[in-house]
Amino acid sequence: MTMTARTISISIDRPYAEVYRFLAEPDNFSRWASGMDATAELTTTPPNEFGVLDHTVHLPDGQNVYVPMRTVHNGAGTEVLFTVFRLPDMDDAAFAADAEAVLKDLRVLKGLLESGLGD
């Protein structure tokens, strides 16, 4: 069975290499992703030339949540794409809230990187 998915993107006015380097460091997740803390367990994609930042979040209840994430060149800046899947136990309101939370986190990421705090 396939899940409903929504890809959310945001443009960041910083060079691609800088954005990718920041996002490829798992320790930086807690700086912009509200659902993550420094103790969260992650499995991340190894560094690569394609901007793939897929990761799996290992929840305390044993559930593993796969999160596709990409960075792509956007002129002199970067586009960050984050796909949210509707998990089996989510109703419409929970799925919408999850997508809104991701957008909020991406806005935090944008502010952090564009202000130079991600350096």
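Each value in this text was obtained by applying a stated rule to the coordinates, not by laboratory testing. As the structure is a computational prediction, the values presented were derived from the model and not from experiment. In this analysis, Cβ positions are derived from the backbone assuming ideal geometry, glycine residues included, and neighbour counts consider all displayed protein chains.
Observations on the model:
- FRET efficiency estimate (nearest 0.05) - Cβ-Cβ, D61 to R21, R0 35 angstrom: 0.60
- 15 Å tail of the calculated P(r), segment 1-40, as % of Cα pairs: 59 percent
- On the basis of the beta-carbon distance and an R0 of 25 Å, D89 and D13 show a calculated FRET efficiency of 0.10.
- In this label model, A76 and L103 are separated by 2.8 nm, measuring between points 7 Å along each Cα→Cβ vector.
- Translational diffusion of the chain, estimated by Stokes-Einstein from the Kirkwood radius over alpha carbon pairs at 25 °C in a medium of 0.890 mPa s, is 166 µm² per second.
- Neighbourhood net charge (14 Å Cβ-Cβ; Lys/Arg +1, Asp/Glu -1) for V67: -1
- Estimated FRET transfer efficiency when R0 is 41 angstrom, pair S115-R6 (beta carbons, to 0.05): 0.90
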